[in-house]
Amino acid sequence: MLIDKTGIQTLIPHTGAMCLLDEVTTWDSDAIQCMTNTHRDRTNPLRRQGRLSAVAAFEYGAQAAAVHGGLCAKAAGTTAAPGYLAALRDARWFVAELDEIAAPLQVSARRLLGEAAQCIYAVQVSAAGQLLVEARVTIMPQPIQQKPSTLFPPNVENSR
């Protein structure tokens, strides 16, 4: 194990049960490999009616991409800017649910284009050598909160 769950939680905004990845097994400037067993956890926050749909695996892939961005920023001596999942493209899944899969999930993300908080990753989730889902995810920077203009203060009527 290269980085454990505690280390992962320092790199992404997801904490507690919403941090879906258990460990980073390898990474470099282009890609990351992670492992997890959270798909079998009965308290997984993505479960609906007791089941974990394969569609949830795309969130696993997006978290791997976010961890990769955090690690790349840390290696460069900075902190990753907050980003969000803006698009999911070419999404394909080959199973209906994840919770019945006995093996750990292997989650990979490979950066295809971009840098920092504006990038596209190819993500895959597999178990015991079987591909479960794959897609491309687009990560965009969160909008910067701008302070309201003080040129015209609120609740001040225009008098003439």
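What follows draws every value from the coordinates through simple rules; no lab data is involved. Since this is a predicted model, take the numbers as computed values, not measurements. Note: ideal-geometry Cβ built from the backbone for every residue, glycine included; neighbour counts use all protein chains shown.
Summary table below
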| read-out | value |
| --- | --- |
| Ile3 long-range amide H proximity, modeled H, under 5 Å | Val24 |
| Fewest-first sequence of Met1, Met140 by Cβ atoms within 10 Å of each Cβ | Met1, Met140 |
| Mean Cβ count within 10 Å, highest first, over the residues of peptides 75-85, 26-36 | 26-36, 75-85 |
| Helix-derived mean residue ellipticity, 222 nm - over the chain, DSSP H n ≥ 4, -39500 (n - 2.57), to 500 | -4500 deg cm²/dmol |
| C-alpha long axis of helix 57-75 to longest principal axis of the chain, angle in ° | 70 degrees |
| Whole-number percent relative contact order across region 1-104, with pairs defined as alpha carbons under 8 Å at least 6 apart | 28 percent |
| Trypsin sites (Lys or Arg not before Pro) within region 1-61: DSSP coil, no more than 16 neighbouring Cβ in 10 Å | Arg42 |
| Sorted by Cβ density within 10 Å, fewest first, the residues His68, His39, His14 | His14, His39, His68 |
| Projected-area mean, the chain, by convex hull of Cα positions, square nanometres | 13.2 nm² |
| Leu112 paired with Lys74, simple spin-label distance in nm, labels 7 Å along Cα-to-beta-carbon | 2.7 nm |
| Highest-fluctuation residue, Val55, Val125, Val24 considered, GNM on the chain with Cα pairs under 10 Å | Val55 |
| Fewest-first sequence of Leu105, Leu20 by Cβ atoms within 10 Å of each Cβ | Leu105, Leu20 |
| Separation of the Thr43 and Phe94 label points, Cα + 7 Å toward Cβ, nm | 3.3 nm |
| Given charges at beta-carbon only (K, R positive; D, E negative), |dipole| of the chain in Debye | 400 debye |
| Contour excess over end-to-end distance, with Cα ends at Ala17 and Ala103 and 0.36 nm allotted per residue | 29.0 nm |
| Most positive-pole-ward Cα, Cys34, Met1, Val67, against dipole of the chain from beta carbon charges | Val67 |
| Placed amide H near Leu52: partners under 5 Å, 5+ positions off or other chain | Leu98, Asp99 |
